[in-house]
Amino acid sequence: MSSLHKSRIAEFQDILSEPKITPQKLRELCFSGIPFEGGLRCLCWKILLNYLPVERALWSSLLKKQRELYAQFLKEMIIQPGIAKANLGVSREDVTLEDHPLNPNPDSRWNTYFKDNEVLLQIDKDVRRLYPDMAFFQRPTEYPCLLILDPQNEFETLRKRVEQTTLKSQTVARNRSGVTNVSSPLKTSAPHSLSEYEVLPNGCEAHWEVVERILFIYAKLNPGIAYVQGMNEIVGPLYYTFATDTNSDWKEHAEADTFFCFTNLMSEIRDNFIKSLDDSQCGITYKMEKVYSTLKEKDMELYMKLQEQNIKPQFFAFRWLTLLLSQEFLLPDVIRIWDSLFADDSRFDFLLLVCCAMLTLIRDQLLEGDFTLNMRLLQDYPISDVHLILKKAKDLQDSK
Amino acid sequence: MAKKTYDLLFKLLLIGDSGVGKTCVLFRFSDDAFNTTFISTIGIDFKIKTVELQGKKIKLQIWDTAGQERFHTITTSYYRGAMGIMLVYDITNAKSFENISKWLRNIDEHANEDVERMLLGNKCDMEDKRVVPKAKGEQIAREHGIRFFETSAKANINIEKAFLTLAEDILRKTPVKEPNSENVDISSGGGVTGWKSKCC
């Protein structure tokens, strides 16, 4: 380790060990990248995302409270509504005269259960394909959720629910005269229906299953937005960072901590995910236009070129902005970009500048290229050196 | 101006529920490969493939859209100006088939009137998991007067055929232009986008 890096770590430790952390000082330091060592990044992100307060003395009680709260969410939203396992001897309290699977009342618990399953299937589809180039999310976590995996439990896990739901939708077929055929359950083997992805043995959970649970709880607690594709790409880097913390006391609680940090982060960027806000002042369309109006200020020639070729910001900036660039770079680079984004004072304004920087850094190619070539450049961004990009973005910010 | 390497430019669009395999269908056609581990498409993606039909070099500009409802405001803006739309469902997913009529309505509302439509029932290699009979696909296609293929991006069934057929159908409707007419206006169907094929 270089002495420069060592002194940088020391700087972080100094700031973080103060009884009352100065947010401005911390932001400034984090903006140029947070060291991974000693769990510094995890700690800084938790402070920057307003999960941990600046008074260190409050941490332990707050963490205890929040982690208990998360356990409570799991109980309320996964454990209680789950159907009792159909084991012999287990009475089915969930099927009563008042409420049963065929209850047409929209407020019925069963109705909610079936609606939740739709959301769950959508989440499931997406989290299974989270960072397919990396083994991490397919690997088992060291800290499977004991509350969920306890063999004494008599409820249905999310994994079982997905299997059951896909099984149901696969075996019932209706012929043209309206007769429903249920094919023999012996013929279909549900676990294999998802065979492209390995399912770990009982008692083990892959990291993607933890991410799935976080998203499901979020969807349940925020029914107005529920789950939108792309949220998986926002949880991914957060969870990865917390679940690889060098400090095992923190790592053990990666799930709950990620949930709250994700919720806080979403409170700032959720408008991007809401369709009805698309054309409002806070929606994604406005932000995409902002990227172009900023570009116009900084590089008129390039702006004119993109206009002339009718390359709209929707073609690339939609993804850049909604996913905070998480699909454009490799995970370690995404995380480095997020250090700066989270540390930015007027958070995510800097994101617009990063997008602008990405455009101006390939301006010569863009000015040369035709529509097709340029679309390829923008959809498969050619520069992987994120430091270069962040430096350029900072220059743009300073040149105001 | 650089020499143009094609005679015509067709803009195509892939739509359908999320997870039916739109990206895989496109990837099979553009790169002749299959990948089970595609991340979900957010917003819109884009590929190019040049094919030769009736002695003409045709550049296909194919747009791949996100399937989830949320993205519709973003994706419907591409409908206008599209000359061909492929509507994809998954033969192992009944819901994706039920939604066909919703997608067709979307086309009616947002696309050019004379757009060529095509229905694809994808994942036809998974016969043991099939819930949508081929006859049902054929029936709905017949009702709407559009072409229909069952495809498999994985087993490479009918993918190329589907794209080429769609391109041929568009070609048939395209007014014959002088071979040296430099700019091909792909928005000739009344579209607003009108990307001009400048130097390529």
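All of the numbers you see were taken from the coordinates with simple rules; none came from a lab. Fair warning: this is a prediction, and the values are worked out from it, not measured in the lab. As a convention, Cβ positions derive from the backbone with ideal geometry for all residues, glycine included, and neighbour counts pool all protein chains shown.
Worth a mention:
- Couplings 3J(HN,Hα) for region A:24-38, derived from phi with the Karplus relation 6.51 cos²θ - 1.76 cosθ + 1.60 (θ = phi - 60°), are 4, 5, 5, 4, 4, 5, 5, 4, 8, x, 10, x, 7, 4, x Hz, where x marks Gly and Pro.
- Likely footprinting exposure, A:K391, B:K47, fewest C-beta neighbours within 10 Å first: A:K391, B:K47
- Rounded to 0.05, the FRET efficiency of the B:E168 and A:E76 pair, given R0 = 51 Å and the Cβ-Cβ distance, is 0.35.
- For A:K115 and A:L4, a Förster radius of 45 Å and the Cβ-Cβ distance give a FRET efficiency of 0.25, rounded to the nearest 0.05.
- Charge dipole (chain B, unit charges on Cβ, about Cα centre) - positive-most of B:L53, B:T65, B:N35: B:L53
- Proximal lysines to A:K20, defined as alpha-carbon separation beneath 19 angstrom and excluding residues fewer than eight positions away on the same chain: A:K46
- Counting every pair of alpha carbons in region B:1-96, the share spaced more than 23 Å apart comes to 29 percent.
- Bins of 10 Å, starting at 0 and running to the largest distance - Cα pair percent for region B:6-171: 11, 43, 38, 8, 0
- Theoretical gain in end-to-end length, A:E301 to A:L331 [0.36 nm per residue, Cα-Cα removed]: 7.5 nm
- Between the amide H of B:E150 and those of B:G121, distances stay under 5 Å, these residues lying 5 or more places away or on another chain, with hydrogens modeled in the peptide plane.
- Only Lys, Arg, Asp and Glu carry charge here, each on its Cβ (+1 for the first two, -1 for the last two); on that basis region B:6-171 has a dipole of about 160 debye about its Cα centre.
- Other-chain or far-sequence residues with amide H under 5 Å of B:I85's (modelled H): B:L13, B:E116, B:R117, B:M118
- Taking B:S40, B:S77, A:S3, A:S384 and counting other C-beta atoms within 10 Å, the order from fewest to most: A:S3, A:S384, B:S77, B:S40
- Volume of the Cα convex hull of region A:292-384, divided per residue and given in Å³: 87
- Between 0 and 90°, nearest 10: helix B:22-31 axis offset from chain B longest Cα axis: 50
- Sequentially through region A:127-143, phi angles give Karplus couplings (6.51, -1.76, 1.60; θ = phi - 60°) of 6, 5, 9, 7, 6, x, 6, 10, 6, 3, 5, 8, 7, x, 7, 6, 10 Hz, Gly and Pro residues having no value and appearing as x.
- Derived scalar couplings ³J(HN,Hα) [region A:382-394; Karplus, 6.51 cos²θ - 1.76 cosθ + 1.60; whole Hz; x for Gly, Pro]: x, 8, 9, 7, 6, 5, 4, 5, 5, 5, 4, 4, 5
- With each label modelled as a point 7 angstrom along the Cα→C-beta vector, the A:S293-A:R56 pair spans 4.4 nm.
- 10 Å-binned pair-distance histogram of region B:3-47 (Cα, whole percent): 21, 51, 20, 8
- Share antiparallel - DSSP beta bridges, chain B, percent rounded to 5: 35
- Inter-centroid distance (Cα atoms) of region A:37-71 relative to region B:10-49, Å: 41
- Amide proton proximity set for A:L52, modelled H, under 5 Å, gap of 5+: A:I47
- Within straight-line cross-link reach of B:K173, lysines at Cα separation under 25 Å, skipping those fewer than 8 residues along the same chain: B:K4, B:K11, B:K47, B:K49, B:K56, B:K57, B:K59, B:K161, B:K196, B:K198
- Among the listed pairs A:K287/A:K392; A:K251/A:K394; A:K65/A:K392; A:K220/B:K154, those with a Cα-Cα distance over 30 Å are A:K251/A:K394; A:K65/A:K392; A:K220/B:K154.
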